[in-house]
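Engineer: Dropping the structure in here first, questions after.
The values are calculated or read from the model by the stated rules, or taken from the named source; none is laboratory data. Everything quoted here is computed from the prediction, not taken from an experiment. Here the Cβ is made from the backbone with ideal geometry for all residues, glycine too, and neighbour counts use every protein chain on show. Surface areas here come from the heavy atoms of the whole protein model, side chains and all, with no ligands, DNA or RNA. Shrake-Rupley method; radii C 1.70, N 1.55, O 1.52, S 1.80 Å.
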Amino acid sequence: EQRRAADIIRLLTLYRPLLDAFVIDFFTEGLWAQLPPAWQSALASATPLQLAGLLGGRGGPGAAWPLSLLAFAAAARALAFPRGCPGGSPRPPCQSAHLHPLLRRHVKPKKQHEIQRLGKLLQRLSQATGCERVVDIGAGQGHLSRFLAFGLGLSVTAVESDSRLAGMAKRFDQELLRELGKTRGLGHERAPRRCPNPARHCPRPLTPRAPRHMAGRLDPAAPWGEFLLPPDPPGPGPAARNPLGGPGGSEDGGQVLVTGLHACGDLSPALLCHFARSPAVAAVASVGCCYMKLSTAPQPPGCSPGYPLSASVAALPGHQLSYRAREAACHALEEYEGRLRGGSAHLRAHCYRAVLESLIRTADPSKRHLGVQPGRKAHALSFPQYAHLGLPLVGLDPAGVPLDSAAVGAMLEQQHKVVAFCTLGQLLAPAVETLILLDRLLYLREQGFHCALVPLFNPRFSPRNLVLVASRTPLAAVLAGLDKDSENED
């Protein structure tokens, strides 16, 4: 892991101008001219299908790339941690047959896929460690917690910083309990019946064991015995008790498992730090998200840094990651490759925004990188329609901006170059994410824990699909056969 981290940093240092570039500056900063001339020539004539081949490492009909470009792409792919094979249908997942119908309520298919996979991993951790208590940090509306409690029979404490979401989770729990009571009253939830199709792993009956919800914020600076801060906004009722309890373990006695599904920004590293210094936590399963929100400046004593977290990565020259680089690490590479292969109209969105940025800067040089979101279907509009929606959002009158000039037309004709430039950035994104996650893994290794990075979700549907698993005991039994289980669940 240390060698891979060092090699990634060397690669990112070589291509830092490309990594740190904002695509909306394509015209204002002349980004195309900054590419090597041989790359410009090859990329300017490349079709979207050929770019998809470059991105996925599967080649493309008629593509003749410069060796330096091929080496760049090969190095980026080789250094990124494997994200698993997308496989299956290119369509989004449908309602999961592996979840009880009552657990699918209010849950989108993508989330169903994630809670099913992570829940089964936590079940394996529970069996390996002998812990039946789980603390779900950043639980949101409680979808994962409900599956763990009602579906798998675990004792779950759900911690959520937004008291409104915690209240909604409790209402969903009560709704499920009422429905469960009705079905039990009708005899529908007796002992498990024989599954009519064993190959499909019919969902097991639910248990009437609701999770316990706490509204509170994880305090990254506090010692493990002082786990929570008041929620934001403050909720009714007494302050939440620390689910990790005192020195003897959880407040109910014994140890707990801690998990966070797409814990945003600094929440993921703070969760790992609490695991490292809390003997009450037997194991942790963390899925990160929103890397651009990580703290990168030196933190006060006692505070958990966002990135870098490990001494190993912090000691490597050039380890720093810009906001733009961390934002790029959140991009959905598989989704972009799919758009290239399908010639999706979404591909024009970056060009539209880059042209609009040029017009904004010409009209008012003080306006730079302002948030402009004309709508989710802006790519389906003509550019004048797009501009008429976007310019007022930055305080400009569309009537005073030339939208049909020859200069605007010339920029719009370079859409293929903008798409090619975006493809290069997409190639680096998985390497950046790998570096961030390796930093967390190395931090835990430095503390003497057993840990692994596992591609748990289908990356086509869940771009942040790598789970960091750490335990105080070996993980071989937990990870053995995990891939086979995932294939069966598909």
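Engineer: Quick check: from the Cα gyration tensor, does the stretch 254-348 come out rounded (a/c under 1.5), prolate or oblate?
Structural biologist: It comes out oblate by the Cα gyration axes.
Engineer: In sequence order, what are the phi-derived ³J(HN,Hα) couplings for the stretch 400-406 according to the Karplus relation 6.51 cos²θ - 1.76 cosθ + 1.60 with θ = phi - 60°, rounded to whole Hz, with x for glycine and proline?
Structural biologist: Per residue, the Karplus-derived 3J(HN,Hα) values read x, 10, x, 9, 10, 6, 5 Hz.
Engineer: Could you do me a favour and compute the accessible area per residue for the stretch 317-412, 1.4 Å probe, result in Å²?
Structural biologist: Per residue, the stretch 317-412 has 50 Å² of solvent-accessible surface.
Engineer: Let me ask another. Could you pull out the GluC sites (Glu not before Pro) across the stretch 381-489 that fall in loop regions by DSSP (anything but H, G, I, E, B) with no more than 14 other Cβ atoms inside 10 Å?
Structural biologist: GLU413
Engineer: By its C-alpha gyration tensor, with a ≥ b ≥ c as the square roots of the eigenvalues, how is the stretch 315-400 shaped: rounded for a/c under 1.5, else prolate for a/b larger than b/c, else oblate?
Structural biologist: It is oblate, given that a/c is not under 1.5 and a/b is not larger than b/c.
Engineer: State the extension gain, in nm to one decimal, for the chain segment bounded by GLN34 and ARG178, taking 0.36 nm per residue of separation less the distance between their alpha-carbons.
Structural biologist: 45.6 nm
Engineer: Now a separate question. What shape does the stretch 387-461 take by its C-alpha gyration tensor, where a ≥ b ≥ c are the square roots of the eigenvalues and a/c under 1.5 counts as rounded, a/b above b/c as prolate, and the rest as oblate?
Structural biologist: prolate
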